[in-house]
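The structure appears right after this line, and notes come after that.
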Amino acid sequence: VSATKTSSCCVSTRDLSRATLSSISTRIFSVSYRKFVDFALDETTRHTRLFSSPLQEKYNSLKPKDGKGEISMLSFEAPEIRHLRSLIIETETMQVLDFTVFPRAEYDVPIFCANFFTTARTNIVVLDLNPLHDVINQRDYKEKYFKSLIPLGLKYAELFPWGGKLTSESIKFFSPIVIWTKFSSSPQKYETLYSAFRDYYKVWLELISKAIKETDESRISQNLEAQHRYLVWRAEKDPGQGVLKKLIGETLAKDLLRSFLFNGVDELGSKTFNDYFPHYCPKDGDPNNKGSIVGKSFENRPWDERGEFVGEGIIL
Ligand code: BLA
């Protein structure tokens, strides 16, 4: 806005280059992810009964340390959903959505995952139905949930080009229809992202609505372990951790991660990060040590048009 004022007193709008105009519109445009969450909650209540989670009382809203902006949290449960939660961060410089839905262990349905990090200039986006089980080698699981969704994935893969290299491990938590992308902020992209979010969430709701409740105890415990592994990965490695620590301090950020965002990490299983990811183990035993990172890979989308994995060097 200040750019507009400065410019208009010195030069006429006609004199402004296209580049200047587009940078002004980028600065004026600001996003909110609240309508995404409103849509998801409305849509969920069409399919199931949502109950407020006991976590809601403690985790509802937080002020960043500098007093500027707001962090808002919502959490629910449903007969098929163990934990549906959203975190929205709105400050002067960033808007963040972390919206994830974890099915109960009786369902092997993927975990719905939307992680959007937005600043005036850029966006870092992951939108996916994170598979609970291996979709690289376990063909039956992949076909069960993703075969019919490949066209949807292809549509958005074209609109949202692959975001480039990412932590190698993460690819195992992603599906063939994952949207992993980075883009410059613009109203058009924001609307396309909203449309992708709605499409992916509607598809996920169809999956959970049609899913048959598992009764075989050994399969239920496999699902539980897969969820726990996912929680352990994300509670330890989420790239948003640094931002959260800066905003609310290390102690609160850790509590938010373990008790709210990835609730269940301390209750659903007793295995540790090193148990699940032994190859990740650094020399000094601390998985938070930067030197422990396996590395970044997958410069290009490692799934082909038929949803076959074509990446290399994956550690299974
Ligand atoms: C970056 N976020 C990233 C990256 C991925 C994800 C893949 C690219 C960098 C990397 O691979 O390390 C997201 N990774 C995921 C997700 C899964 C995964 C969803 O493994 C699920 C299995 N992002 C957030 C939140 C914030 C955030 C809540 O979700 C901030 C509060 C920020 N993400 C954020 C930032 C970066 C990032 C700042 C860039 C910094 C970096 O590359 O480390």
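Placing +1 on the Cβ of every Lys and Arg and -1 on the Cβ of every Asp and Glu, with no other charges, gives the chain a dipole of roughly 1020 debye about its Cα centre. For the chain, give the percent of accessible area contributed by carbon and sulfur heavy atoms, probe 1.4 Å, rounded to a whole number. About 51 percent, which is the carbon plus sulfur part of the accessible surface. Taking 0.36 nm per residue of sequence separation and removing the Cα-Cα distance, the Lys58/Tyr276 pair yields an extension gain of 75.5 nm. Positive-end ranking of Leu50, Pro79, Pro151 along the dipole of the chain, with charges on Cβ about the Cα centre, is headed by Pro151.
Taking every alpha-carbon pair under 8 Å whose residues sit at least 6 apart, the chain reaches a relative contact order of 16 percent. For the stretch 84-157, a crude dipole built from +1 on the beta carbon of Lys and Arg and -1 on the beta carbon of Asp and Glu, taken about the Cα centre, is about 240 debye to the nearest 20. Couplings 3J(HN,Hα) of the stretch 58-69, computed from phi: 7, 10, 10, 8, 9, 9, x, 4, 7, x, 9, x Hz, in residue order, whole Hz [Karplus 6.51 cos²θ - 1.76 cosθ + 1.60, θ = phi - 60°; x for Gly and Pro]. Backbone geometry of the stretch 172-185 corresponds, through the Karplus equation with coefficients 6.51, -1.76 and 1.60 at θ = phi - 60°, to 3J(HN,Hα) couplings of 6, 9, 9, 9, x, 9, 4, 9, 10, 8, 10, 7, 6, 5 Hz, x marking Gly and Pro.
Once you reduce the stretch 23-101 and the stretch 237-253 to the center of their Cα atoms, the two points are 17 Å from each other. For the pair Lys245 and Glu206 in one chain, pulling the backbone fully straight at 0.36 nm per residue adds 10.4 nm over the alpha carbon distance. Near Tyr59, no amide H atom lies under 5 Å from its own; only residues 5 or more places off or on other chains count, and H is placed 1.01 Å from N.
Taking the Cα centre of the stretch 159-260 as origin and assigning +1 to Lys and Arg Cβ atoms and -1 to Asp and Glu Cβ atoms, the resulting dipole is close to 320 debye.
Less than 5 angstrom separates the built amide H of Ile111 from those of Asn130, Leu132, all sequence-distant by 5 or more or on a different chain.
The values are calculated or read from the model by the stated rules, or taken from the named source; none is laboratory data. Everything numeric here is computed off the predicted structure, so don't read it as measured data. Counting neighbours? That spans all protein chains shown, and the Cβs are built from the backbone with ideal geometry, glycine included. Surface areas here come from the heavy atoms of the whole protein model, side chains and all, with no ligands, DNA or RNA. Shrake-Rupley method; radii C 1.70, N 1.55, O 1.52, S 1.80 Å.
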